[in-house]
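Visitor: First the structure, then my questions, so here it is.
What follows is calculated from the coordinates using simple rules that are stated; it is not laboratory data. Only a predicted model underlies this, so the values are computations on that prediction, with no experimental measurement involved. Positions of Cβ are backbone-derived with ideal geometry, glycine not excepted, and every protein chain shown enters the neighbour counts.
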Amino acid sequence: MNEPVGKRAVVIGGSVAGTLAARVLSEFYREVVVVDRDEVLGVDKPRRGTPHTWHAHGLHARGYFILEELFPNLLGDLRDSGVPVGDLARMKWYFDGKQVMPADSGLPSITALRPVLEHHLRLRTAALPNVTYRERTDVHGLLATREGKRIIGVRVQARDGSPEERLGADLVVDASGRGTRTPVWLEELGFERPAEERVKVGLAYTTRMFRKRPEMFGGWQSINPVASPAHPRGAFFGQVNEDECILSLTGLLGDHPPTDARGYLDYVKSLPAKEIYEAVKDAQPLIEPVTFKFPASLRRRYERLKRFPERLFVLGDAFCSFNPVYGQGMTVASMEAIALREHLRRRSEPDSRRFLREIGKVVNDPWDISTSGDLDFPGVEGKRTLKVKMGNAYMAKVQYAATIDPGITAAFMRVAGLVDPPAALMKPGIVRRVLRAGRRRPAPGATVTELPRPDSESRAA
């Protein structure tokens, strides 16, 4: 443990963001208490109140590197439990209906079911001697000093009928997700709510689990047609363990994948990756189709507030919630955990406003990536600045170049995996290759040949 910053830190929420925060806080506080309204320890299946956890999740590149630092040998534990781990750029991706050239990028991608990954993270975190999870407990509000300028704890009540109690804390971290109550609690203390930015995407996931057969994937870890304006229906079809696979269908702006078995398969048949339909049309389903709706990406601009109570931090989806098709949520949560660690290492006392500005910087690139991508769809409402228009036009060229140049695939995946900033795709060498590839672009309707399987010779230049 580093030199203690305080006696007790309380984390609201025990999902990925809260668990990672607790792991970091354990280095700086004598006691860390994670409060969650549900039973979370030992749970490796979707739980009540988390409908999004039924659906496909990926932990890509930068998120993996951070988790491996916080939880040494995590990769070994996951592999031992049958979780597939592969190269992000050697999955079978489709951009704008065309298969991307696979590449060796060195970027790990884990396609575990989210509850399974959460279980591994909680198991490690809860085993720390100074971390306690208080399950089935509601947080009713914040405790503050008389003038309201400093948070000194939370009001909690166990769901077993026990009376409400005051849980003192030297730091409170809100990692409770999109349903956070912090904006309301701020108003109650006389502070302003943060301004909110929304990008309405009208997204819905519909997911089904299937019994896996050896021939389903043809050597690929996953097959992923990415939605585009010309092909707005997307999917993630991936292996999640030795015996099961998952197929999450996505639809935007009200074009939602059906939940009846026949309608679900018809939607699968409409995807540009025809092999997915062939794989699941007669596969054994393990669950009925499950839907989760995501109306809008949401960013709360805490970093712009001029007044904010001390000893209160906000992170995870409570700070910024991204369109999940980009697979950024868990990786951004891990980046925020590292920002939390760096903040506490630099300062003798936590500084709320400074920390919120630091988190604002963490989410800037992921927010720009996802919202700019969403605004490429004509039906999505939002301001299309010249930067957004030019960025989307160039990104379309990058994605086409990735269908013929594995070096561009690797560079693109470094940005998608949040290892490199988007500006990395504007390096002169990358721009030259993108423009060179554009001169070879076939006419609309031209036949696209099948690209090599991942065990074939296809290397990033």
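Visitor: Amide H to amide H under 5 Å from F313: which residues, 5+ apart in sequence or cross-chain, H placed 1.01 Å off N in plane?
Guide: V172, V173, D174
Visitor: Sticking with this structure for a sec: Using a 7 Å offset from the Cα along the Cα-to-Cβ direction at both R166 and Y277, what is the distance between the two label points in nm, to one decimal?
Guide: Simple spin-label model gives 6.5 nm for this pair.
Visitor: To continue, here is another question. What order, most packed first, do the peptides 251-258, 379-386, 330-337 have when packing is the mean number of other Cβ atoms within 10 Å of each residue?
Guide: Details: 251-258: 17.8, 379-386: 12.9, 330-337: 25.8.
Put in order of decreasing packing, that is 330-337, 251-258, 379-386.
Visitor: When only Cα pairs under 8 Å and 6 or more residues apart are kept, what is the percent relative contact order across the chain?
Guide: Dividing the mean separation by the residue count of the chain yields 20 percent.
Visitor: Keeping to pairs on different chains or 8 or more places apart, tell me how many lysine pairs in region 82-220 have Cα atoms under 30 Å apart.
Guide: Here the count comes out as 4.
Visitor: Given the -39500 (n - 2.57) contribution per DSSP H run of 4+ residues, what per-residue ellipticity at 222 nm results for the chain, rounded to the nearest 500 deg cm²/dmol?
Guide: Helix-only estimate at 222 nm: -9500 deg cm²/dmol.
Visitor: Considering the Cα positions of region 59-121, please state its Rg to one decimal place and its Dmax as a whole number of Å.
Guide: Rg and Dmax of region 59-121, Cα atoms, are 12.9, 38 Å.
Visitor: Take peptides 98-109, 357-368 and line them up by average Cβ neighbours within 10 Å, highest first, as a rough protection proxy.
Guide: 98-109, 357-368
Visitor: Filter the DSSP H helices in the chain by two things, a Kyte-Doolittle mean of at least -0.5 and an axial alpha-carbon span of 18 angstrom or more, and list the hits by number.
Guide: 329-346, 386-401
Visitor: Can you tell me the length gained on complete extension of the stretch R181 to R354, counting 0.36 nm per residue apart and subtracting the Cα distance?
Guide: Extending this stretch completely gives an extra 60.2 nm.
Visitor: Say R0 is 22 Å: what FRET efficiency, to the nearest 0.05, do E215 and K269 get from their beta-carbon distance?
Guide: On the way: r = 19 Å, r/R0 = 0.86.
With a Förster radius of 22 Å, E is 0.70.
Visitor: Right, next: Quick one: which residues, 5 or more positions from L203 or on another chain, have an amide H under 5 Å from its amide H? H modelled 1.01 Å from N in the peptide plane, none for Pro or chain starts.
Guide: The answer is L253, F294.
Visitor: Oh, and also: Along the charge dipole of the chain, which of L128, G179, M426 sits closest to the positive end, that is, farthest toward it, with unit charges on the beta carbon of Lys, Arg, Asp and Glu (+1, +1, -1, -1)?
Guide: It is M426, whose Cα lies furthest towards the positive end.
Visitor: Quick one: which residues, 5 or more positions from D104 or on another chain, have an amide H under 5 Å from its amide H? H modelled 1.01 Å from N in the peptide plane, none for Pro or chain starts.
Guide: Long-range HN contacts for D104: A460.
Visitor: How far apart, in nm, are the 7 Å Cα→Cβ label points at L128 and A424?
Guide: With each label point 7 Å from Cα toward Cβ, the separation is 2.8 nm.
Visitor: Moving on to the next point. In whole angstrom, note down how far apart the Cα centers of region 251-272 and region 204-229 are.
Guide: About 14 Å separates the Cα centre of region 251-272 from the one of region 204-229.
Visitor: Related question: Go through P350, S81, A261 and say which Cα lies farthest out towards the positive end of the charge dipole of the chain; charges sit on Cβ, +1 for Lys and Arg, -1 for Asp and Glu.
Guide: Positive-most Cα among the choices belongs to P350.
Visitor: Something else about it: Can you tell me how much longer the chain between L143 and E69 gets when fully stretched, taken as 0.36 nm per residue apart minus their C-alpha distance, in nm with one decimal?
Guide: 23.3 nm
Visitor: Restricting to the chain, what percent of DSSP beta bridges are antiparallel, rounded to 5?
Guide: Numbers: 47 of 69 bridges.
Of all bridge pairs located within the chain, approximately 70 percent are antiparallel.
Visitor: Then there is this: Compute, for the chain, the length of the dipole vector about the Cα centre, with Cβ point charges of +1 (Lys, Arg) and -1 (Asp, Glu) only. Units Debye, rounded to 20.
Guide: So the magnitude is around 1460 debye.
Visitor: A further question follows. Need the full-extension length gain, R347 to E288, defined as separation in residues times 0.36 nm minus the C-alpha distance. One decimal, nm.
Guide: Here the answer is 16.2 nm.
Visitor: With +1 assigned to the C-beta of every Lys and Arg and -1 to the C-beta of every Asp and Glu, and no other charges, what is the dipole magnitude of region 350-425 about the Cα centre in debye, to the nearest 20?
Guide: That gives a dipole near 280 debye.
Visitor: Could you give me the percent of Cα pairs per 10 Å distance bin for region 263-409, shortest bin first, beginning at zero and ending with the bin that holds the maximum distance?
Guide: 9, 26, 29, 23, 10, 3, 0
Visitor: Any chance you could get the radius of gyration and Dmax over the Cα atoms of the chain, in Å?
Guide: 22.5, 71
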